[in-house]
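All remarks here apply to the structure that follows.
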Amino acid sequence: MQETVRTLLGLDADTAVTVRRLTCTEPGRPPVETIVAVLPMDGEARRWRLHRPAEQVTPDNLRSVLLTDRLTDRPR
């Protein structure tokens with residue numbers, strides 16, 4: 001999944017991409033969600049939340065979320 005994120009966003013080798021699986025406690029949401037984070041050496045970190053387990057995330061899901069720039073969590 002990290003390589004798909006790198007390709008879709010045109011990231012360089014110095015930018016970290018992480019994928020985490022978390023338990024979702026929000027009512028009406030699936031019990032597991034996937035958080036994708038892009039952490040550049042310089043610049044703002046970006047995070048996206050997909051309401052499904054990582055093994056169910058497709059390249060089309062990633063494209064839809066990442067390229068529409070629906071940021072779900074900005075650093076404070």
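Per-structure values
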read-out: For Kirkwood radius over Cα pairs in Å, calculated from these coordinates, the label among (1) 12.8; (2) 12.2; (3) 14.3; value: (1)
read-out: Contour excess over end-to-end distance, with Cα ends at Arg6 and Arg52 and 0.36 nm allotted per residue; value: 14.5 nm
read-out: Qualifying trypsin sites (Lys or Arg not before Pro) for the stretch 1-75 [loop in DSSP, other Cβ within 10 Å: at most 11]; value: Arg70
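Quick note: the coordinates plus some simple rules give every number you see, no bench work behind them. Keep in mind that what you see is a predicted model, and the values were worked out from it rather than measured. A quick note on method: Cβ atoms are made from the backbone with ideal geometry, for glycine too, and the neighbour counts reach across all protein chains shown.
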